[in-house]
Amino acid sequence: MPDFTPRVFSGIQPSGGLTLGNYLGAMKRFVDMQNDGAYETIYCMVDLHAITTWQDPAKLVAATRELCAGFIATGIDPEKSILFNQSQVAEHAQLGWIFSCVARMGWMQRMTQWKDKAGKNAQNASLGLFGYPALMAADILIYHATHVPVGEDQKQHLELTRDIAIKFNNDYGVEFFPVTEPVIEGAATRVMSLRDGSKKMSKSDPSDASRINLTDDADAIAQKIRKARTDPKPLPSDLEGLEDRPEARNLVNIYAALADTSPEAVIRDHAGQQFSTFKPSLADLAVAKLAPISTEMQRLTADPAEIDRLLARGAQRARALAEPVLKRTYEIVGMVGA
Ligand code: TRP
């Protein structure tokens, strides 16, 4: 294999309503990788993926801009990273088509996300939903990205991306696409509902008290943490003591992630504390870290023209990387005029 530049790519669907879960589970790590200095970083709002199930057009526009504001407010610097929305870089869809011809029906049929989302009604799901992972592989490989930070739920899609790269290289006798490394987030960054420690924090939970939105102000953040569901016991002195205490475990995890430390260290510092003591500390920490993000999001979303300008500029930079890769792919495959 030739040497590939260390390059990070990740994408988030613009589905509206960013939560603490998005921040700690994905965006914070994207920012760390940006600031690490070891990689080029490319972050994408995957609007073409969003329409694999029908989206209200006006809401999709708003959600894409909101997601862009979220990226910037949480620390993505649109100069340091390339930040853009997928549909502005046509090469994603073009390479996605080539990969649809490389991937096999059987591979797609095995995807657990397909099975979950299509459910019993697969005949009525869109062809795009079925082919989703081929487009995702194209998102990554059009930049020859070497590292892809994603949640556990995307692991199978990344394995498929590797299979597509390997099969393409094999079928055409080239060493053109890299075999990408997944960078899977650990369970510790999985943020659970504040009302039910067994459920993931979600923007679609009917109870707003179950989540912290990145647009919540300081009062709302503090109040939701003070009201978070817990059990009556004090904090234990080691992590094992949190087994079977999902709500307590979740608050400790959130504390650790926000303080940039480990759950072990949080337990060490707060061993034996009652939640009446621990929650106010967590609320202070959360307000200190999250209230500035929410203020910044409000400022950014108030100026959609500026967001659109940033996205157009990001797309231009992305295109400069994607164009030669698509051209070479077309040549390899045998397209006249490539
Ligand atoms: N499928 C991812 C998700 O739902 C989003 C996504 C699309 C993505 N393309 C990607 C993630 C490329 C990483 C790399 O979370």
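The values are calculated or read from the model by the stated rules, or taken from the named source; none is laboratory data. Because the structure is predicted, anything quoted here is derived from the model rather than measured. So basically every Cβ, Gly included, is an ideal-geometry build from the backbone, and we count neighbours across all protein chains shown.
Is it true that Val266 is assigned to a helix (DSSP H, G or I), out of contact with any Asp or Glu (no Cβ under 8 Å at 6 or more places or on another chain), without any contact (Cβ under 8 Å) to a residue 24 or more places away in the chain and surrounded by 19 or more Cβ atoms within 10 Å (Cβ to Cβ)?
Details: assigned to a helix (DSSP H, G or I): yes; out of contact with any Asp or Glu (no Cβ under 8 Å at 6 or more places or on another chain): yes; without any contact (Cβ under 8 Å) to a residue 24 or more places away in the chain: yes; surrounded by 19 or more Cβ atoms within 10 Å (Cβ to Cβ): yes.
Considered against the rule, which asks whether it is assigned to a helix (DSSP H, G or I), out of contact with any Asp or Glu (no Cβ under 8 Å at 6 or more places or on another chain), without any contact (Cβ under 8 Å) to a residue 24 or more places away in the chain and surrounded by 19 or more Cβ atoms within 10 Å (Cβ to Cβ), Val266 comes out as yes.
If I ask for residues that are more than 10 Å from the ligand (Cβ to nearest atom), assigned to a helix (DSSP H, G or I) and surrounded by 13 or more Cβ atoms within 10 Å (Cβ to Cβ), which ones from segment 121-139 would you list? Lay out the reasoning, then the answer.
Step one: list which residues in segment 121-139 are more than 10 Å from the ligand (Cβ to nearest atom), which gives 121-131, 134.
Keeping just the survivors that are assigned to a helix (DSSP H, G or I) gives 121-124, 127-131, 134.
If the condition is that a residue be more than 10 Å from the ligand (Cβ to nearest atom), assigned to a helix (DSSP H, G or I) and surrounded by 13 or more Cβ atoms within 10 Å (Cβ to Cβ), then Ala122, Gly128, Leu129, Phe130, Gly131, Ala134 are the ones that fit.
Scanning segment 99-120 for residues that are more than 16 Å from the ligand (Cβ to nearest atom) and either surrounded by 14 or more Cβ atoms within 10 Å (Cβ to Cβ) or of a type in the set (A, V, I, L, M, F, W, C) (or both) turns up Cys101, Val102, Met105. For first residues located in segment 95-122 and more than 21 Å from Asp153 (Cβ to Cβ) and in the same structural domain as Asp171 (by TED's automatic domain parsing), partners that are surrounded by 12 or more Cβ atoms within 10 Å (Cβ to Cβ) and among the polar types (S, T, N, Q) and lie 6+ apart or on another chain with Cβ distances below 8 Å form the pairs Leu95/Thr329; Ile98/Thr329. For segment 203-246, a residue qualifies if it is surrounded by fewer than 16 Cβ atoms within 10 Å (Cβ to Cβ) and of a type in the set (Ser, Thr, Tyr), and the qualifying residues are Ser204, Ser207, Ser237. For Asp308, state whether it is in a helix (DSSP H, G or I), in the same structural domain as His92 (by TED's automatic domain parsing) and surrounded by fewer than 17 Cβ atoms within 10 Å (Cβ to Cβ). It is true that Asp308 is in a helix (DSSP H, G or I), in the same structural domain as His92 (by TED's automatic domain parsing) and surrounded by fewer than 17 Cβ atoms within 10 Å (Cβ to Cβ).
Can you confirm whether Val8 is surrounded by 23 or more Cβ atoms within 10 Å (Cβ to Cβ) and either farther than 22 Å from Thr301 by Cα or of a type outside the set (D, E, K, R) (or both)?
Numbers: surrounded by 23 or more Cβ atoms within 10 Å (Cβ to Cβ): yes; either farther than 22 Å from Thr301 by Cα or of a type outside the set (D, E, K, R) (or both): yes.
So Val8 passes the test.
Scanning segment 140-191 for residues that are aliphatic (A, V, I, L, M), more than 14 Å from the ligand (Cβ to nearest atom) and within 30 Å of Thr19 (Cβ to Cβ) yields Ala187, Ala188, Val191. Among the numbered criteria (1) more than 18 Å from Asn253 (Cβ to Cβ); (2) not in a helix (DSSP H, G or I), which one does Thr161 miss? All conditions are met except number (2).
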